[in-house]
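Encoded as structure tokens, the structure appears first; notes follow it.
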Amino acid sequence: MSVATKSEKFAAPETAIASELTDAKRATATYRILCIGETWLGSDARAAFAALRRLGQAIEVMDPNHYLPLQWHTFPGRAIRKIFRPIFVRELRLDAARILERYQPHCVFVWKGNWVDADLIKRFKAADVTTINYYPDVSFLSHGPYIPRSLPLYDHIFNTKSYGVADMQRELGIEQVSFLEPGYDPELHRPVTLSGEERKTYGCDVAFIGTWSPKKELLLDALRRSLPNINLKIWGNRWENHRSPSLRESVMGYGVIGDEYTKAICGSAICLGLLSEQGQGSSSGDLITARTFQIPACGVFMLHERNAEVLNYFDEDREAGFFGSAEELVQKVERYLAEPDQRDTVARNGLLRSHRDGYSIDNRMKSVLSWLDQRRSSVSNSKPTKEHGSR
């Protein structure tokens, strides 16, 4: 995969990305932050951790995959993981305690925290370590027993769902929560040029990249049956659950991550932003997701489910396309496939808006660091004789 050159249509924003990364590296180190979350290439957690480092913070990372066999997908493997899960979680907790003593972090930054139990958060807080959670999912009640027990203990939670703030207050009594959008990763999500071989794999009229759900299947089935001649490719997990004969040739059978995710976006003429349904304890389904910002950042035309929230970030038919029903989805796909020049103009405007308004994960992490500054300043003022660590 080769990055677009200045002679190509999306060259200027590439320069903006390089400038953004360079500016971030000029920041002065301020905090020691222990980051807990997955680190595979393309993980949103990894992107956030890398952004903190680009912003000048000293980080140490604990990946739950090193303590729990999260990639075991067979029935025996899942059964073993469930039986021994408390032991795996205890190993993570013990190692975190050792890192606490050695590293003496100012802050622990947890991405979601499926395997971070309440005892670990209590231990950090007893050591005057500020605890932050960045929560990215629709539901916080359907991802195991540890999340609902530990979330109320954090000093602050940044929720990527606007409705999630009231949901956490209602379901768990959490007040220390605020809305902070997801963002694109400037290291991964940018315009790229595909090789001939890559275009054979990823080239298509319409792509959707994401996990199967009944609603998404219904929308894509309606699209495929209405426009049977389009080249539709569906990448993601759990699509073996689909029951629509029309989608049989479109389902690729696996997910794409990291650079392959970027290639799959850039290989499509239209990339869809389909949203997840309402989950346990949530008052709404998704309104925006990480894809909402990642697709435009790749310089590709995004066709997204319409709602009032997403229209705050991109202007309709100028910076992205939107639809409100299966019928309108079909109409918009048909229209924009027939108007490639207009489609490219909208895609470029969406890319420029992403950079101009700061939709990167780096800017989201700036908000986290700003909160951390205020928090530590208020704690320092209230306890003038006791300061944890050094700055």
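The values are calculated or read from the model by the stated rules, or taken from the named source; none is laboratory data. These figures come from a predicted structure and were not determined experimentally. Virtual Cβ from ideal backbone geometry, glycine too; neighbours counted across all protein chains shown. Note: accessible area is taken over every heavy atom of the protein model, side chains too, but ligands, DNA and RNA are not part of it. Shrake-Rupley method; radii C 1.70, N 1.55, O 1.52, S 1.80 Å.
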Open item on the list: Residue by residue through the range 324-331, what is 3J(HN,Hα) from phi via Karplus (6.51 cos²θ - 1.76 cosθ + 1.60, θ = phi - 60°)? Round to whole Hz and write x for glycine and proline.
Closed with: x, 7, 4, 5, 6, 4, 4, 4
- [ ] Could you work out, for the chain, what percent of all Cα-Cα pairs fall into each 10 Å distance bin, beginning at 0 Å and stopping at the bin that holds the largest distance?
- [x] 5, 22, 31, 25, 14, 4, 0, 0
Task: Counting DSSP beta bridges with both ends in the chain, the antiparallel % (nearest 5) - done: 5
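Of the listed pairs 161/366; 216/332; 112/366; 216/366, which have alpha-carbon separations greater than 25 Å here? Please report the intermediate quantities before stating the final value.
Values: 161/366 18 Å; 216/332 17 Å; 112/366 18 Å; 216/366 33 Å.
Among 161/366; 216/332; 112/366; 216/366, the Cα-Cα distance tops 25 Å for 216/366.
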Task: Cross-link partners of residue 122 among aspartates and glutamates (Cα-Cα below 19 Å; sequence separation of 8 or more within a chain) - done: 91, 95, 101, 155, 175, 387
TODO: Jot down the per residue volume, in cubic angstrom and as a whole number, of the convex hull over the alpha-carbon atoms of the range 312-354.
DONE: 55
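May I ask you to derive the relative contact order of the range 96-146, considering only C-alpha pairs under 8 Å and at least 6 residues apart, and to give it as an integer percent? Walk me through the intermediate numbers first.
On the way: 47 pairs, mean separation 22.9, N = 51.
Once divided by the residue count of the range 96-146, the mean separation gives 45 percent.
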- [ ] Just tell me which aspartates and glutamates come within less than 13 Å, Cα to Cα, of residue 263; anything on the same chain fewer than 8 places away is out.
- [x] 197, 198
Open item on the list: Going by amide H atoms built from the backbone, whose H comes under 5 Å of the H on residue 174, apart from near neighbours?
Closed with: 169
Task: Rg/Rh (Cα only; Kirkwood hydrodynamic radius) as it applies to the range 204-249 - done: 0.91
Open item on the list: Within 10 Å of each candidate Cβ there may be at most 16 other Cβ atoms; applying that plus a DSSP loop requirement, which GluC sites (Glu not before Pro) in the range 206-290 survive?
Closed with: 249, 277
Task: Residue among 124, 109, 88 with the largest mean-square fluctuation in a Gaussian network model of the chain, springs linking Cα atoms under 10 Å - done: 88
Open item on the list: Pairs of alpha-carbon atoms within less than 8 angstrom and 6+ residues apart define the contacts here; what relative contact order does the range 25-120 have, in percent?
Closed with: 38
Task: Cleavage-rule hits (chymotrypsin sites (Phe, Trp or Tyr not before Pro)) in the range 240-340: DSSP loop, at most 15 neighbouring Cβ within 10 angstrom - done: 254
TODO: Determine the principal axes of the Cα atoms in the range 160-237, then give the extent along each, sorted from largest to smallest and rounded to whole angstroms.
DONE: 52, 34, 18
- [ ] Springs between alpha-carbon atoms under 10 Å, Gaussian network over the chain: tell me which of 292, 201, 262 tops the mean-square fluctuations.
- [x] 201
- [ ] Would you compute, from DSSP H runs of 4+ residues alone, the mean residue ellipticity of the chain at 222 nm, taking -39500 (n - 2.57) per run and dividing by the full residue count, rounded to the nearest 500?
- [x] -13500 deg cm²/dmol
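Counting only protein heavy atoms, what percent of the accessible surface of the chain is carbon or sulfur at a 1.4 Å probe?
On the way: 8500 of 17050 Å².
The C+S portion of the solvent-accessible surface of the chain is 50 percent.
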Open item on the list: Limiting things to C-alpha atoms, what are the Rg and the maximum Cα-Cα separation (Dmax) for the range 236-295, in angstroms?
Closed with: 13.5, 37
Open item on the list: Please list 3J(HN,Hα) in residue order for the range 277-292, calculated via the Karplus relation 6.51 cos²θ - 1.76 cosθ + 1.60 where θ = phi - 60°; whole Hz, with x for glycine and proline.
Closed with: 6, 4, x, 4, x, 9, 8, 7, x, 4, 10, 9, 9, 4, 4, 3
Open item on the list: Let me see the P(r) profile for the range 28-142: every Cα-Cα distance counted, bins of 10 Å, each bin given as a percent of all pairs.
Closed with: 13, 43, 34, 9, 1
TODO: Tell me which residues come under 5 Å, amide H to amide H, from residue 179 once H is placed; ignore anything under 5 positions away on its chain.
DONE: 159
Open item on the list: Tell me the per residue accessible area of the chain using a 1.4 Å probe; a whole number in Å² is fine.
Closed with: 44
Task: residue 73/residue 215 FRET efficiency (R0 25 Å; Cβ-Cβ; nearest 0.05) - done: 0.55
TODO: With springs only between Cα atoms under 10 Å apart, run a GNM on the chain and tell me which of 153, 223, 94 wobbles the most.
DONE: 94
- [ ] May I have the extent of the alpha carbons of the range 235-391 along their three principal axes, as whole Å values ordered from largest to smallest?
- [x] 68, 36, 32
